[in-house]
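Some notes on the structure that comes next.
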Amino acid sequence: MKIQKSFKQDKASLYLVATPIGNLSDMSPRAIEVLKSVDIIAAEDTRHTKKLCHYFEIETALTSYHEHNKDSKGNYILQLLMQGKEVALVSDAGLPCISDPGYEIVSQVSDEGYAVIPIPGANAALSALIASGIVPQPFIFYGFLNRDKKKKKKELTDLRYQGFTLIFYESPHRISDTLNAMLEIFGDRRIAIARELTKQYEEFIRGQVSEIIPIASDLRGELVIIVEGSKDSPEEVIWWEHLEMEQHVEHYVAQGLTTNESIKKVAKERGVAKNEVYRAYHID
Ligand code: SAM
């Protein structure tokens with residue numbers, strides 16, 4: 001066990017600093033203060049962050065930290081902390097670690113006993129969720145689905161009976177395909193799409209997934225999809241739908257029920273007469 005007292009320790013810290021998701025006014029005074037005061041800012045894209053720093057007159061040195069250099073840069077950041085240097089991590093937009101780089105360095109640094117301090121701010125998922133009109137909790141933040149269509153369908157199938165509200169990030173290139181896959185696998189659920197949050201063309205499209213599919217290919221910009229949770233419980237899954245009637249009976253016989261009890265149960269589940277099941281099992 002490790003307990004972090006964020007503001008009562010004498011070692012250097014790693015700050016996870018939220019940056020705007022479109023509207024620069026969402027940059028908090030605390031975020032600016034931290035970025036000014038640290039020794040170095042590790043940024044997903046230094047060119048992008050340079051512009052942000054320029055706007056807020058932040059002159060701190062930048063280094064890159066992204067998906068492709070996270071192992072070597074993780075060790076470098078750890079060394080800086082060991083030397084007593086304060087480090088801030090930012091991504092291109094919103095919260096670091098949320099569908100963005102950061103998790104590995106947080107885990108590495110906290111394992112080594114350094115404090116990891118969040119500086120909250122803009123986040124696309126929660127901003128979309130609270131204005132979606134869909135029950136906000138409990139929710140599952142899923143992030144991006146797999147780009148591969150087969151893998152995406154498998155992921156959606158795994159979520160099919162999840163009763164929690166679901167939050168996805170999606171690109172405009174894949175939104176049509178994703179909504180069609182949702183309709184096929186989830187059924188016609190209520191969804192909300194939040195587009196271009198905090199920007200001039202911010203838009204919320206709320207409705208049944210079947211209503212939104214016809215306009216999906218026109219959606220541009222950055223998108224979040226909020227999907228209402230399943231109302232079906234897994235017990236209502238028709239697990240036997242691919243079985244022949246006699247196989248269905250055999251299933252219960254194998255579980256220890258008598259033939260008669262099994263026939264009765266199958267008739268009830270299928271909503272058919274007992275003698276129909278009897279005939280299928282004993283005669284056909
Ligand atoms: N770390 C970010 C956060 O905290 O929200 C998310 C980064 S992820 C790489 C980028 C995705 O977030 C986009 O493809 C989109 O799905 C969503 N996103 C980011 N900014 C957005 C915005 N202004 N409006 C709608 N969605 C946005």
Of Ile77, Ile238, Ile140, ordered by accessible area with the largest first and a 1.4 Å probe, the sequence is Ile238, Ile140, Ile77
For Thr63, enumerate residues with amide H under 5 Å from its amide H, sequence gap 5+ or separate chain, H modeled in the peptide plane.
Ile41, Ala42, Ala43
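What percent does the relative contact order of the range 1-151 come to when contacts are Cα pairs within less than 8 Å and at least six residues apart? Write out the running numbers ahead of the final one.
Values: 229 pairs, mean separation 53.2, N = 151.
About 35 percent, as a whole number.
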With label points built 7 Å along Cα→Cβ from the Cα atoms of Lys36 and Leu243, find their separation and express it in nm.
7.0 nm
Note, ³J(HN,Hα) from phi for the range 56-70, Karplus 6.51, -1.76, 1.60, rounded to Hz, x at Gly and Pro
9, 6, 9, 10, 5, 5, 10, 9, 8, 9, 9, 3, 8, 10, 5
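Can you give me the accessible area per residue for the range 102-261, using a 1.4 Å probe, in Å²?
Using a 1.4 Å probe on heavy atoms only, each residue of the range 102-261 averages 54 Å².
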Helix-only CD estimate at 222 nm, as mean residue ellipticity for the chain, using -39500 (n - 2.57) per DSSP H run (n ≥ 4):
-11000 deg cm²/dmol
With point charges of +1 on the Cβ of Lys and Arg and -1 on the Cβ of Asp and Glu, referenced to the Cα centre of the chain, which listed residue (Leu156, Ser6, Ser72) lies farthest in the positive direction of the dipole?
Ser6
How far, in nm, would the chain grow between Asp158 and Phe56 when pulled straight, counting 0.36 nm per residue and subtracting the alpha carbon separation?
32.3 nm
Distance between Cα centroids, the range 171-197 to the range 199-214: provide it in whole Å.
9 Å
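Taking 0.36 nm per intervening residue step and subtracting the Cα-Cα distance, what contour gain separates Tyr103 from Asn275 on full extension? Numbers along the way, then the final one.
Values: separation 172, 0.36 × 172 = 61.92 nm, distance 6.07 nm.
Working it through step by step, the gained length comes to 55.9 nm.
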Here, Ser171 and Gln79, labelled 7 Å along Cα→Cβ, have an inter-label distance in nm of 3.4 nm
SASA check, Ser230, accessible area w/ 1.4 Å probe, all protein chains in place, rounded to nearest 10 Å², comes out at 20 Å²
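What FRET efficiency comes out for Ser25 versus Ser233 if R0 is 51 angstrom and r is the Cβ-Cβ distance? Round to the nearest 0.05.
Working: r = 44 Å, r/R0 = 0.87.
After rounding, the FRET efficiency stands at 0.70.
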Rounded to the nearest 10 Å², what accessible area does Ser6 have for a 1.4 Å probe in the complete protein model?
30 Å²
Any idea how far the Cα center of the range 228-284 sits from the one of the range 146-166, in Å?
28 Å
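What is the calculated FRET efficiency for Glu202 to Ile140, with r their C-beta to C-beta distance and R₀ = 25 Å, to the nearest 0.05?
Values: r = 24 Å, r/R0 = 0.96.
It comes to 0.55.
Of the accessible area of the chain, with the probe set at 1.4 angstrom, what percent is carbon plus sulfur? Kindly include the intermediate steps, with their values, before the conclusion.
Working: 8090 of 16050 Å².
Whole-percent figure for carbon plus sulfur exposure: 50.
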From the phi of every residue in the range 27-37, what ³J(HN,Hα) in whole Hz does the Karplus formula 6.51 cos²θ - 1.76 cosθ + 1.60 yield, where θ is phi - 60° and glycine or proline is x?
6, 7, x, 5, 4, 5, 4, 5, 5, 6, 8
Karplus (6.51, -1.76, 1.60) ³J(HN,Hα), θ = phi - 60°, over the range 164-169, in Hz, Gly and Pro reported as x:
7, 4, 10, 10, 10, 9
Ser72, Ser25, reordered so the largest accessible area comes first (probe 1.4 Å):
Ser25, Ser72
Using a ≥ b ≥ c from the Cα gyration tensor of the range 50-96 (square roots of the eigenvalues), is it rounded, prolate or oblate, where a/c under 1.5 gives rounded and otherwise the larger of a/b and b/c decides, a/b for prolate?
oblate
Looking only at Met245, Met182, Met82, which one moves most when the chain is put into a Gaussian network model with springs between Cα atoms under 10 Å?
Met245
Search the structure for amide H atoms under 5 Å from the amide H of Leu16, placed 1.01 Å from N in the peptide plane, and list their residues when 5 or more places away or on another chain.
Leu89, Ile117, Ile119
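The values are calculated or read from the model by the stated rules, or taken from the named source; none is laboratory data. Please read all numbers here as calculations on a predicted model, not as lab measurements. Every residue, glycine as well, gets a Cβ built from its backbone with ideal geometry; the counts of neighbours run over all protein chains shown. Accessible surface is based on the protein model in full, side chains and every heavy atom, while ligands, DNA and RNA are left aside. Shrake-Rupley method; radii C 1.70, N 1.55, O 1.52, S 1.80 Å.
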